[in-house]
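J.: Here it is, the structure, as structure tokens.
Rule-based calculations on the coordinates, nothing more; no lab input. None of the values given here were measured: they were computed from a predicted structure. Here the Cβ is made from the backbone with ideal geometry for all residues, glycine too, and neighbour counts use every protein chain on show.
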Amino acid sequence: MKIKILFFAELREIFGGSRFIDVREDLTVGEVVDLLEDELNQSYSKRDSLIYAVNENFETTDKKLKNLDELALMTPMSGG
């Protein structure tokens with residue numbers, strides 16, 4: 001199946017803006033993040049603080065993805 005990944009903030013600098021990837025059926029959000037870490041050949045140090053959205057709805061790493069889902073990966077916002 002094919003999913004679109006959107007990267008925001010620091011992740012955009014690491015991975016670029018957005019991309020489509022081909023993955024096996026029934027992959028979870030967490031498993032996609034595992035694949036991305038494999039691509040980097042290292043663990044992402046801020047993984048525990050990542051925010052995930054699938055089709056503009058906030059989700060957990062257990063969310064199963066479907067063909068043509070849009071997965072957004074972002075770090076928490078801060079500011080004043």
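J.: For the chain, what is the mean residue ellipticity at 222 nm derived from helices alone (per DSSP H run of n ≥ 4: -39500 (n - 2.57); sum divided by total residues; nearest 500 deg cm²/dmol)? Can you show the working numbers first?
T.: Values: 2 runs with 18 residues, N = 80.
Computed mean residue ellipticity for the chain: -6500 deg cm²/dmol.
J.: Here's a follow-up. Could you tell me which GluC sites (Glu not before Pro) in the range 9-48 are loop residues by DSSP with no more than 15 other beta carbons within 10 angstrom of their beta carbon?
T.: Working: sites: GLU10, GLU13, GLU25, GLU31, GLU37, GLU39; in loops: GLU25.
Passing sites in the range 9-48 are GLU25.
J.: If you place +1 on the Cβ of every Lys and Arg, -1 on the Cβ of every Asp and Glu, and leave all else neutral, what size is the dipole of the range 2-74 about its Cα centre, to the nearest 20 Debye?
T.: So the dipole magnitude of the range 2-74 works out to roughly 180 debye.
J.: Which one of LEU11, LEU35, LEU50 has the biggest mean-square fluctuation once the chain is modelled by GNM with Cα springs under 10 Å?
T.: Between LEU11, LEU35, LEU50, it is LEU35 that shows the largest mean-square fluctuation.
J.: Let me ask you something else. Go through the range 1-62 and name the trypsin sites (Lys or Arg not before Pro) that are in a DSSP coil and have 12 or fewer other Cβ atoms within 10 Å of their Cβ.
T.: Details: sites: LYS2, LYS4, ARG12, ARG19, ARG24, LYS46, ARG47; in loops: ARG24, LYS46.
Answer by residue number: ARG24, LYS46.
J.: Rounded to whole Å and sorted largest first, list the principal axis extents of the Cα atoms in the range 3-46.
T.: Principal extents (largest minus smallest coordinate, Cα): 28, 20, 14 Å.
J.: How many Lys pairs in the chain lie less than 19 angstrom apart by Cα atoms, where the lysines are 8 or more positions apart or on different chains?
T.: 6
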